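One structure is given here, and the rest of the page talks about it.
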Amino acid sequence: ETRLPPLDTDPMRCDKAYDGNTLGMANGLSDKLLDFRFCDLKGAELKGKTLSAALMSGADFSKANMVEVVMSKAYAVGANFEGANLQNSVLDRVEFKNANLRGVNFINAVITGIDWEGADVTDAIFDDALISVQDVKNLCINPTLKGDARAEVGCKN
């Protein structure tokens, strides 16, 4: 069972997404806790932000522009990314368990060490994405990965 710290009481905690991690460290080291749990960031302009070690469970990032975002060691269990643009992003050890990833643009993204269990990747686009061998295996057993997306990921069947 994953134990998370108490919800950040800072009334501006959701707005920290627009700054990201100002250290710019992809390894999860940060100058502040990025706690976006249950935040409404629908349609947010987050291009190029570093969101490493962010707590994102229950947050709404639907239709957000997350082009070139770096998310390493992020906890996004049950988060909503429907229709988000993650093109050219780096996704490393992100927990997308039970997340809504419907229609997400993963074009040219680097994807490694992701927890896809229960994630809905219906209509997600993986063209030219660099996906680790283990992530390919895990995605290919996901029943929501269908049609052209299976070929884009590299599924053998």
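Modelled label-to-label distance, Asn157 and Gln134, 7 Å Cα→beta-carbon offset: nm?
2.3
So which GluC sites (Glu not before Pro) in the stretch 1-110 are both in a DSSP loop and have at most 14 other Cβ atoms within 10 Å of their Cβ?
Glu1
List the lysines whose Cα lies under 27 Å from the Cα of Lys16, skipping any in the same chain that are fewer than 8 positions away.
Straight-line reach from Lys16, under 27 Å: Lys32, Lys42, Lys47, Lys49, Lys63, Lys73, Lys97.
Measuring with a 1.4 Å probe in the full set of protein chains, what accessible area per residue, in whole Å², belongs to the stretch 38-137? Working shown, then result.
Working: 3880 Å² over 100 residues.
That works out to 39 Å² for each residue.
Using a 1.4 Å probe on the protein chains only, how many percent of the accessible area of the chain belongs to carbon and sulfur? Show your work: numbers first, answer last.
Values: 3810 of 7630 Å².
In the chain, the share of accessible area belonging to carbon and sulfur is 50 percent.
On a 1.4 Å probe surface of the protein chains, which of Leu4, Leu51 comes out largest in accessible area, and what is the full order?
Reading off the accessible areas and sorting them downward yields Leu4, Leu51.
Of all the C-alpha pairs in the stretch 60-135, what % are more than 22 Å from each other?
Values: 137 of 2850 pairs.
Summing the P(r) tail past 22 Å for the stretch 60-135 gives 5 percent.
Give me the distance in nm between label points sitting 7 Å out from Cα along the Cα-to-Cβ direction at Thr112 and Phe38, one decimal.
A separation of 3.5 nm, rounded to one decimal place.
Find me the longest stretch of the chain that has none of the exposed trypsin sites (Lys or Arg not before Pro), where exposed means in a DSSP loop (not H, G, I, E or B) with at most 10 other Cβ atoms within 10 Å.
That would be 4-155.
Under a Cβ-only charge scheme (Lys and Arg +1, Asp and Glu -1), can you give me the dipole magnitude of the chain about the Cα centre, in debye to the nearest 20?
In debye, rounded to 20, the chain gives about 200.
I want the local charge near Val69. Using Cβ-Cβ distances under 15 Å, sum +1 for each Lys or Arg and -1 for each Asp or Glu among the other residues.
Net of charged neighbours comes to +2.
About its Cα centre, what dipole magnitude does the stretch 95-145 give when the only charges are +1 on Lys and Arg Cβ and -1 on Asp and Glu Cβ, stated in debye to the nearest 20? Let's see the in-between values first.
Numbers: 3 positive and 8 negative charges, 14 e Å.
Computed charge dipole of the stretch 95-145: roughly 60 debye.
Ignoring everything but the protein chains, give the 1.4 Å probe accessible area of Tyr18 in square angstrom, nearest 10.
100
What's the long-distance tail for the chain, i.e. % of Cα pairs beyond 24 Å?
When every Cα pair of the chain is considered, 25 percent fall beyond 24 Å.
Please list, ordered by chain and number, the residues whose modelled amide H lies under 5 Å from the amide H of Asp35; skip anything fewer than 5 residues away on the same chain.
Residues meeting the criterion, in which the H sits 1.01 Å from N, are Leu55.
The values are calculated or read from the model by the stated rules, or taken from the named source; none is laboratory data. Here the structure is a predicted model, which is why all the values come from computation and not from measurement. Glycine gets a Cβ as well: all are built from the backbone with ideal geometry, and neighbour counts include every protein chain shown. Accessible surface is based on the protein model in full, side chains and every heavy atom, while ligands, DNA and RNA are left aside. Shrake-Rupley method; radii C 1.70, N 1.55, O 1.52, S 1.80 Å.
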